[in-house]
Amino acid sequence: MSTTGPGDGTRSVHGGHPPAVAGTPLLAGPVFAAPYHLGEGADFYGRAGNPTWRALEAAIGDLDGGRCVLLPSGMAAISTLLRTLLRHGDTLVLPSDGYYATRQLVRDELAALELEVREIPTPGPWTDEVFAGAALVLLETPSNPGLDVCDIAELAERAHAAGALLAVDNTTATPLGQRPLELGADVVLASDTKALAGHSDVLMGHVSTRDAELAQRLERARTLSGAIPGPFETWLVHRSMGTLDLRLARQAENAAALVSALRGHPAVGGLRWPGDPDDPSHAAAARQMRRWNGVFRFELADAAAVEEFVRRSSLVVPATSFGGLHSTVDRRAQWGDPVAPGFVRFSCGCEDSADLVADVLHALG
Ligand SMILES: Cc1ncc(COP(=O)(O)O)c(C=O)c1O
């Protein structure tokens, strides 16, 4: 928890909202505009700028501790960053166990760049050879779906010593859970589709950095690519972010209760949650994370056992996202992740812990 300034709840509620002016709405609505009246104002055309974007960018940038550039999804954030930073023949370090679409993007869509790609598991080994000659090191910690953790501060220092930039995909942690820029990362990015928006009704992403020139290049890339966030979606995310602190607290409480209930259960293996003091990632996570979230994982015997678990549960639904109000499970092997067929990523929602624990124990039989 930050020792200076307002707390997480206050920042979630008030972030990015303008000072009170009598007679104006408490929560301003989205601004829908293609062209603007030309003149002194900040905006001239909706592809280049929008006050609804700037309000959410101010809120997220304040939490991240940098300047935020909003993009219409997490993948838009990742692809805009990679296309902006990387040149033909560059060396890129990627997590081998992170979100699979990032690896697909690099392999398929960025093939013309002929990058040298080094895919490294999040726990390492982080040898000197990994960093040698690299232009960019992209970490994902905690990783999705394995929830392994690496040391951002140490790896940022080593990347910088080798002349590389270091970026962190902060999706699972959220900016309340982890502040990579404060730990030495050059860039933090996230899919705000997940816990930050948190209601399973909108996609959004962002990149934040303290490098003003890089932020400008990313904004220019957004303007010229034309892949821009919709004002209504942006407004929805901003409205939803007001409860991020509350939702994360409940989700983490539910994860702690479920992990404790499932530990030692005969049907459950490979139980991992960085917030669990017995988890192999816990010490590293506790050093750099500010608070926990509701995403944990475990393994059942096989795909049929997961199917049966979902069928018997009345609260948990199968869905391939996480961080939302509703508890969801995702059997990751179905998307091609290199995990066992019975591997489940469980995203705790905001239901009551007692109800969720009872339902999950019943569903496991
Ligand atoms: C870690 C991580 N990064 C990026 C993404 C992509 O985000 P989006 O679906 O908003 O494009 C995801 C989506 O699941 C993710 O889990």
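The values are calculated or read from the model by the stated rules, or taken from the named source; none is laboratory data. Predicted, not measured: the structure shown is a model, and the values here were computed from it. In this analysis, Cβ positions are derived from the backbone assuming ideal geometry, glycine residues included, and neighbour counts consider all displayed protein chains. Side chains included, ligands, DNA and RNA excluded: accessible areas come from the protein's heavy atoms. Shrake-Rupley method; radii C 1.70, N 1.55, O 1.52, S 1.80 Å.
Under a 5 Å amide H cut-off, with hydrogens placed 1.01 Å from N, Ile120 pairs with Leu94, Ser96 among residues at least 5 apart or on other chains. Each label was represented as a point 7 Å from its Cα along the Cα-to-Cβ direction; for Leu246 and Asp355 these points are 1.5 nm apart. Given an 8 Å cut-off on Cα distances and at least 6 residues of separation, report the relative contact order of region 114-170 as a percent. Once divided by the residue count of region 114-170, the mean separation gives 39 percent.
Could you work out the relative contact order of the chain? I mean the mean sequence separation of Cα pairs under 8 Å and 6+ apart, divided by the number of residues, in percent.
Working: 761 pairs, mean separation 62.9, N = 365.
Value for the chain: 17 percent.
A DSSP coil position with no more than 13 other Cβ atoms inside 10 Å describes the following GluC sites (Glu not before Pro) in region 114-199: Glu114. Of the trypsin sites (Lys or Arg not before Pro) found in region 1-88, the ones in coil according to DSSP and having at most 10 other Cβ atoms within 10 Å of their Cβ are Arg87. Can you give the FRET efficiency to the nearest 0.05 for Leu315 and Ala33, using r as the Cβ-Cβ distance and R₀ = 41 Å? Computed FRET efficiency for Leu315 and Ala33: 0.45. Residues in region 307-318 carry Karplus couplings, in order, of 4, 5, 4, 5, 5, 7, 7, 9, 10, 9, 10, x Hz; the curve used is 6.51 cos²θ - 1.76 cosθ + 1.60 with θ = phi - 60°, and Gly or Pro positions show x.
Counting 0.36 nm for each residue step from Ala112 to Val13 and taking away their Cα separation leaves a gain of 31.3 nm. DSSP loop (so not H, G, I, E, B), at most 11 other Cβ within 10 Å: list which chymotrypsin sites (Phe, Trp or Tyr not before Pro) in region 239-328 pass both filters. Answer in residue order: no site qualifies. Extending 7 Å from the Cα toward the beta-carbon at both Val21 and Arg47 defines two label points whose distance is 3.0 nm. Rolling a 1.4 Å probe over the heavy atoms of the protein chains gives region 244-364 an accessible area of 42 Å² per residue. Would you mind telling me the share, in percent, of accessible area of region 150-251 contributed by carbon and sulfur at probe 1.4 angstrom? After summing per-atom areas, the C and S share lands at 52 percent. I need the shape label for region 8-241. Rule: rounded when a/c is under 1.5, else prolate if a/b > b/c, else oblate, with a, b, c from the alpha carbon gyration tensor. Prolate shape, in that a/c is at least 1.5 and a/b is the bigger ratio.
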